[in-house]
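Derivation of every value follows stated rules applied to the coordinates shown; laboratory data play no part. Predicted, not measured: the structure shown is a model, and the values here were computed from it. Because the Cβ atoms are built from the backbone with ideal geometry, glycine has one as well, and the counts that use them run over all protein chains shown.
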C-alpha cells in the first residue's frame, strides 16, 4: 500500500522532480538522486531482507547521480539481525554507506 504525501511538491511551486522506483529509473541520470529505503526495520520490509538490501538495486539507484546520491535509511536498518552469511553480505553495503556519511 502506498501512502501519498500530505502536500505534493507541485502545490508548493516545486516542479521538475521525477519520482519512482529504482526499476523506473534504469538507464536514466539525474544531478541528485535520493534513495529512500522506505521502511523502519528489516522485519517490516514487505518483500523481505534480500529485496531491501539488494546490492544491485542500491548500485543502480546511487550510480544514476551525477553530483550527489543521498540514501535515506533508518538507523534500525543498520542494526539488522542477519540469519545467514548471504544476508550479512547484503546488509554490509548499507552499513558501508552509513559509515561513509559525512
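Could you work out the relative contact order of the chain, using alpha carbon pairs under 8 angstrom and six or more residues apart, expressed as a whole percent?
30 percent
Can you give the convex hull volume of the alpha carbon atoms of the chain per residue, in Å³?
Spread over its residues, the Cα hull of the chain gives 124 Å³ apiece.
Order of 89, 11 from fewest to most other C-beta atoms within 10 Å?
Taking fewest neighbouring Cβ atoms as first place, the list is 11, 89.
Counting only helical runs of four or more DSSP H residues, what would the 222 nm mean residue ellipticity of the chain come to if each run contributes -39,500 (n - 2.57) and the total is spread over all its residues?
-8000 deg cm²/dmol
Once both axes come from the Cα atoms, what is the angle between helix 85-99 and the longest principal axis of the chain, in degrees from 0 to 90, rounded to 10?
Orientation of helix 85-99: about 50 degrees from the principal axis.
Can you work out the FRET efficiency for the pair residue 66 and residue 96, with r the C-beta to C-beta distance and R0 = 30 Å, to the nearest 0.05? Don't skip to the end; give the middle numbers.
Values: r = 21 Å, r/R0 = 0.72.
Given R0 = 30 Å and the Cβ-Cβ separation, E is 0.90.
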